[in-house]
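The values are calculated or read from the model by the stated rules, or taken from the named source; none is laboratory data. This structure is a prediction, so every number in the text was calculated from the model and none was measured. FYI the Cβ positions are ideal-geometry reconstructions off the backbone, even for glycines, and counts take in every protein chain you see. Each accessible area value is taken on the protein alone, full model and side chains, heavy atoms only, with ligands, DNA and RNA left out. Shrake-Rupley method; radii C 1.70, N 1.55, O 1.52, S 1.80 Å.
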Amino acid sequence: MTQPSSPATSVVRFSVNGEARTFEGDAQTPLLWVLRDTLKLTGTKYSCGIGLCGACTVHMDGQPVRACATPVSSVAGKKIVTIEGLAPADDEHPLQTAWKKHQVPQCGYCQSGQIMQAAALLATRPNATEAQIETYMEPILCRCGTYQRIRAAIKDAQAAGRQG
Ligand code: FES
Ligand code: FES
């Protein structure tokens with residue numbers, strides 16, 4: 001009888017929040033498990049697990065990606081940033097300041113994904129129009145319906161960026 005073959009062990013080197021990291025194991029392991037279970041960076045959330053909701057959004061070389069649907073093999077040599085590394089230590093990102101001002105979260109579950117998506121938008125399109133913000137943020141779902149406060153906070157952070 002043929003035994004099921006066990007996954008080959010791979011070594012993947014990448015950086016997370018500016019620190020060099022090495023993963024050894026099944027190359028198909030989702031990045032989300034590596035972040036949460038191995039590195040204990042639990043700010044990135046697991047929700048749908050199939051790339052649909054955006055709760056697990058992190059940055060890979062500045063682009064938002066869904067960590068639950070990203071095999072660790074595909075992050076080799078890349079720079080990953082999670083919500084824990086979005087702002088320099090002891091500081092906060094303008095989005096985090098605006099999030100607090102507008103008291104955006106309800107249950108909070110989707111919120112680090114929302115902020116990471118918004119941060120990628122502001123980094124690449126700081127003058128995005130309201131319609132562009134709407135379109136860019138649309139894929140990140142919030143079952144509590146905090147969308148209006150999310151948009152208000154993003155516009156505040158945009159304005160802060162223009163003054164800064
Ligand atoms: S948990 Fe990754 S997209 Fe929903
Ligand atoms: S705040 Fe609850 S899912 Fe968005």
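What to note about this one:
- Within the stretch 11-32, considering residues that are touching a Gly at 6+ places or on another chain (Cβ under 8 Å) and assigned to a loop (DSSP other than H, G, I, E, B), the one nearest to residue 116 (Cα to Cα): 17
- So residue 157, is it open to solvent by less than 10 Å² (accessible area, probe 1.4 Å) and more than 16 Å from ligand 2 (Cβ to nearest atom): yes
- Residue check: residue 57 meets all listed conditions (1) in contact with a strand residue (DSSP E or B) (Cβ under 8 Å, 6 or more places away or on another chain); (2) under 19 Å from residue 122 (Cα atoms); (3) surrounded by fewer than 14 Cβ atoms within 10 Å (Cβ to Cβ) but one, namely (3).
- Conditions (1) more than 16 Å from residue 30 (Cα to Cα); (2) away from ligand 1 (no atom under 15 Å from the Cβ); (3) of a type in the set (A, V, I, L, M, F, W, C): number failed by residue 116: (2)
- Residue tally, condition within 16 Å of ligand 2 (Cβ to nearest atom) and surrounded by 21 or more Cβ atoms within 10 Å (Cβ to Cβ), over the stretch 30-54: 4
- All of (1) over 14 Å from the mean Cα position of the chain (by Cα); (2) without any contact (Cβ under 8 Å) to a residue 60 or more places away in the chain; (3) within 15 Å of ligand 1 (Cβ to nearest atom) hold for residue 67 with one exception: (1).
- Single residue of 86, 95, 141 found to be more than 16 Å from ligand 1 (Cβ to nearest atom) and closer than 21 Å to residue 30 by Cβ: 86
- Residues that are more than 24 Å from residue 138 (Cβ to Cβ) and under 13 Å from the mean Cα position of the chain (by Cα) within the stretch 36-53 comprise 36, 41, 42, listed in sequence order.
- Filtered residue count, the stretch 116-138, keeping only those that are open to solvent by 60 Å² or more (accessible area, probe 1.4 Å) and either in contact (Cβ under 8 Å) with a residue 24 or more places away in the chain or more than 18 Å from residue 66 (Cα to Cα) (or both): 10
- Just one residue in the set 85, 113 is in contact (Cβ under 8 Å) with a residue 60 or more places away in the chain, in contact with a Cys (Cβ under 9 Å, 6 or more places away or on another chain) and surrounded by 18 or more Cβ atoms within 10 Å (Cβ to Cβ); that residue is 113.
- Scope the stretch 54-102; condition of a type in the set (Asp, Glu) and closer than 21 Å to residue 136 by Cβ; matching residues: 61
- Of all residues making up the stretch 33-71, the number that are more than 13 Å from residue 83 (Cβ to Cβ) and assigned to a helix (DSSP H, G or I): 6
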